[in-house]
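Everything on this sheet refers to the single structure shown next.
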Amino acid sequence: MSETDKVVLLLAEQADQLWRLEQLLLDHGYAVLSAVDRIQALEHLSSSVVIDLMLVDEPFAGPLTGAALIESCLPLRPLMRVLVLTQNTERSTLHAQAYPVLLKPVGLEELGLAIAVALRSPPVQPWL
């Protein structure tokens, strides 16, 4: 399957970051489903569309973390890959054992490579 066959669910609450990441994904030939909050993300995750990768840009407003969202959706999407962007070094340590995490700021080239690697990696396995 080529990059153009891959669907990425992008969750980013900040509009400028959402747009920037959408453009990067589209430029690399991915189909993009965008979500500005966890409700929209869960709607996409509950749909019949095959989602190859969920790209989560933290932080979120409120108590929800990327880890909580990912863990809640894995039963729905057991073959999905995950990549998290965060500024929180504490969270990156927690995430790193289950799925890839990039510390922000991250360059577009580095992010593009991380997305390609994540898509070639095995699906995320729940740790709970």
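Readers should treat all values here as calculations from the given coordinates under stated rules, not as data from a laboratory. Because the structure is a prediction, the values reported are computed rather than measured.
Under 8 Å for C-alpha pairs, at least 6 residues apart: give me the relative contact order for the stretch 3-120, rounded to a whole percent. Display every interim value, and only then the final one.
Values: 180 pairs, mean separation 27.6, N = 118.
Answer for the stretch 3-120 is 23 percent.
Normalise the Cα radius of gyration of the stretch 3-120 by 2.2 N^0.38 Å (N = residues in it) and let me know the number. Before the final figure, lay out the partial values.
Details: Rg = 12.8 Å, N = 118, 2.2 N^0.38 = 13.5 Å.
Rg over 2.2 N^0.38 Å, computed on Cα atoms: 0.95.
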